[in-house]
Structure formats: C-alpha cells, structure tokens
Amino acid sequence: MTAPAITMDVRRVGDSVAVVDIKGEVTAACEPVLMSAYEAAGPETSRLVLNFAGLEYMNSGGIGMLVTLLVRANRQRQQLAAYGLSEHYREIFELTRLDEAIIIYETEESALNGVAR
Amino acid sequence: MTETAGPDKVRSAEEIGLSAREAAAAPPEGAAETAPPRDVASWAKKVERLEVEQRDGVRGTNVAGRRLTGPVQGFGKMWQKTYRMNVGPQITPEQAIGVWRQHFPEFWPKGNRFAGALTGVNPGDVALLDLAIGGGVKLSTGVFVLYADSESFTLMTPQGHMFAGWITFMAEREGDDTMVQAQVLMRANDPIYELGMMFGGHRKEDKFWTATLTALGQRLGVPDPVVQVRSTCVDSKRQWRHAGNIWHNSAVRSVFQTIAAPFNRMLRRDKGATSSTA
C-alpha cells in the first residue's frame with residue numbers, strides 16, 4: 001500500500017471546537033492519518049469541523065472511512081460538521097446520504113456558528 | 001500536523017494535467033476550483049430514487065422508486081467484513097478489477113442472479129438481484145454502482161435490501177503480489193434482518209463472498225484460491241430510530257410476491273383471454 005497523499009492539521013477554536021484542515025486525497029489508506037487527527041483533537045472536543053477546501057480526490061474507501069469516524073464521534077457524543085466541499089463532493093455526500101449525519105456548511109464561519117448552537 | 005504527503009501526490013498532479021511546477025505552486029484550494037477532480041467520472045451522478053427497467057431472468061421487484069441506504073440509515077450493529085485473496089504476482093490490480101467488473105455476475109454462487117448492464121459494472125448502473133434465501137423463495141432486490149475506477153468499484157444498497165451499506169471491491173499490490181478484496185460496510189436494514197444476521201446470516205454472507213472470490217481466483221488462474229475473512233463490529237449500537245425500515249423489507253415482500261405469483265399469472269391469462277374474445 002502506498003503512503004497516503006494527505007495532510008490533516010488540527011486547529012482548536014475555543015474550548016470545545018476543533019477544525020481539521022484536510023488537504024490531499026481521501027482514501028481508505030489515510031484512515032490512520034484521520035484517526036491521528038481525531039486523537040489530536042482530544043476528548044475535550046465536543047464539536048469537530050472538517051475543512052474539505054483542500055480536498056483533491058476522494059474514492060469510495062474515503063467515504064467509508066468518514067463513516068467510521070462518524071461512529072467514533074457519535075460514541076463520544078461529539079458532533080461532526082463539514083465545510084469547503086466543492087459541488088462535486090457535496091453531491092457525493094448527498095448521494096451516499098452522509099449529509100444526514102454530517103452537517104454541511106458553506107464556510108468556516110457558518111460551520112462554527114452552526115455547531116456553536 | 002499528523003502526516004506528510006506521499007509519492008502519490010506527484011502522480012495525481014500529473015494525472016490532472018498539471019506540470020510539476022504548477023502542482024507545487026498552486027494551492028490545493030485553487031486546484032480544486034480550476035480543474036475538476038480526477039474522480040469525477042468514477043462517481044455515479046446523484047439520484048434521489050432508483051429507476052430501472054425490467055431485465056430477463058430476475059423478478060425485478062423492490063428496486064424502482066427506492067432510495068439508497070448507507071450505514072447511516074441502517075438499523076443493526078455496524079460491521080466491516082473483509083474478504084481478501086492473494087492472486088499472485090502475474091496479475092496486475094487493474095487486470096483483476098477489469099475481469100471482475102466485466103464478468104461480475106459470473107462469479108456469484110449458484111442459485112443467485114445478478115442482472116446488471118451488459119457492459120459490465122459502471123457508475124450509476126442499477127443491477128437487479130434474485131438471492132436464494134431458502135424455502136424456494138428468492139429475495140428480489142438490487143444494488144446501485146456508486147463508484148468504479150480501474151482499481152476498485154463500490155455497490156450501494158437500496159431500501160429493503162438485507163443491509164444498508166456498501167461493498168467495495170478492490171485490488172492492490174502487497175509486496176510483489178496482487179491482493180483482491182471485497183469489503184462490506186453495513187448495518188442490517190431492519191429488526192427482521194438483524195435477527196436473520198444473528199441466526200446464520202453472517203455465516204451465510206461469509207460463505208457467499210468466499211465463494212465469489214474463489215470463483216474469481218479460479219478465473220484469474222490461481223490454482224488453489226485461499227480467502228481470508230475478517231469481521232469487525234464497528235458499532236455495537238442498534239439504531240432504533242430506523243426500525244421503521246421494516247416497511248420496505250424486500251424479504252417479506254418477496255415472500256408475498258412468491259405466494260401471489262401464480263394468482264397474478266392466472267389473472268393476466270384471464271385478462272388476455274377476455275381481451276382476445278372481446
């Protein structure tokens with residue numbers, strides 16, 4: 001398996017919100033990277049916002065990986081949101097009905113306002 | 001930061017037509033805005049409800065008008081089941097997936113029917129299934145081709161299917177050898193199916209995909225195919241808010257459709273006779 005072509009940087013925004021900046025290719029191979037980012041966000045995070053503005057490629061393995069992240073977040077009673085999705089990737093979220101569990105916002109500002117409610 | 005970019009990044013830039021300098025200079029956000037991602041053709045277009053025409057050899061019920069269901073919409077515990085097989089160094093991942101996509105129905109175990117498009121497995125296709133569930137009853141349902149590229153393809157299930165989720169078929173290099181794999185990420189769609197999975201359903205499914213991979217291995221020239229099976233319960237919680245999925249249960253509907261089939265045939269015959277004498 002080749003090394004995943006992705007970076008995920010975690011930013012803390014306030015006490016309980018973390019933003020994960022995803023840049024590169026989201027495939028099943030990057031599960032360790034995503035889970036490391038999730039761990040870095042820490043248990044004190046109650047709302048996790050995924051920034052997909054740097055998303056370059058995603059296959060069905062990547063969608064499956066997001067589902068497993070969702071399960072982990074639900075188990076910890078953490079809310080998951082996303083923003084920065086292009087029209088193409090937003091349609092994939094809708095097609096796979098992932099948008100019913102991960103709330104999609106247009107911008108970081110609206111995502112942070114949305115999850116703060 | 002949790003990880004660094006790997007060698008695939010350069011290859012992906014070349015594939016979308018960027019020079020090395022452009023790829024290095026352009027911010028990812030800009031790249032996403034100016035050029036369509038290279039996965040565009042691999043994904044199915046968005047659909048609200050499935051549309052499908054009748055196909056020979058299958059009953060073709062319980063699919064048209066149904067919505068797709070992923071693991072988020074299912075009822076039962078969430079499972080990830082992986083069936084993996086070494087096909088040796090001679091076959092490339094692309095060759096393995098090419099054969100699998102082109103001849104997909106031929107690898108299914110006896111007694112089960114997969115009626116897909118004649119051109120193989122392509123994004124957006126809907127295939128009709130008749131699955132042997134015992135007692136002479138065929139469960140009629142379908143699958144939707146969510147994603148397909150040269151190294152993988154994914155099927156997603158509609159409402160009423162035994163499980164809500166997707167099955168990804170892929171091939172990759174591991175050392176010198178090519179590994180082929182079917183991976184199911186699923187929840188039983190409703191309480192009836194969940195009970196069925198607990199009482200023999202998981203074993204039956206393992207047998208089904210093991211037989212499928214074995215048949216593929218034989219087609220690819222593997223003398224003695226060995227399939228490794230790994231099951232992981234990803235989420236042990238049941239989603240009771242989706243218990244109402246039972247309304248769409250294709251197994252229950254298939255039983256009624258099987259019972260009603262002779263009467264429907266008689267009705268059609270009578271109607272035909274009436275119209276020909278009129």
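The values are calculated or read from the model by the stated rules, or taken from the named source; none is laboratory data. Just so we're clear, the structure is a prediction, and the values are computed from it rather than from any experiment. When we count neighbours, we look across all protein chains shown, and the Cβ atoms used for this are built from the backbone with ideal geometry, even at glycine.
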Quick one: which helices (runs of 4 or more DSSP H) lie wholly within chain A and hold at least 1 residues that are over 11 Å from the mean Cα position of the chain (by Cα) and facing chain B (nearest Cβ under 9 Å)? A:31-41, A:60-75, A:87-95
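Kindly indicate whether B:Arg238 is surrounded by 16 or more Cβ atoms within 10 Å (Cβ to Cβ) and within 14 Å of another protein chain (Cβ to nearest Cβ).
Numbers: surrounded by 16 or more Cβ atoms within 10 Å (Cβ to Cβ): yes; within 14 Å of another protein chain (Cβ to nearest Cβ): yes.
Criteria met by B:Arg238.
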So is A:Thr96 of a type in the set (Ser, Thr, Tyr), at pLDDT 95 or above and either crowded, with 22+ Cβ neighbours inside 10 Å or touching a Lys or Arg at 6+ places or on another chain (Cβ under 9 Å) (or both) or not? yes
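Please list, ordered by residue number, the strands (runs of 3 or more DSSP E) wholly in region B:40-155 having 2 or more residues that are closer than 20 Å to B:Glu172 by Cα. Before the answer, list the steps.
Details: elements: B:78-86, B:113-115, B:126-132, B:138-148.
Those strands (runs of 3 or more DSSP E) span B:78-86, B:138-148.
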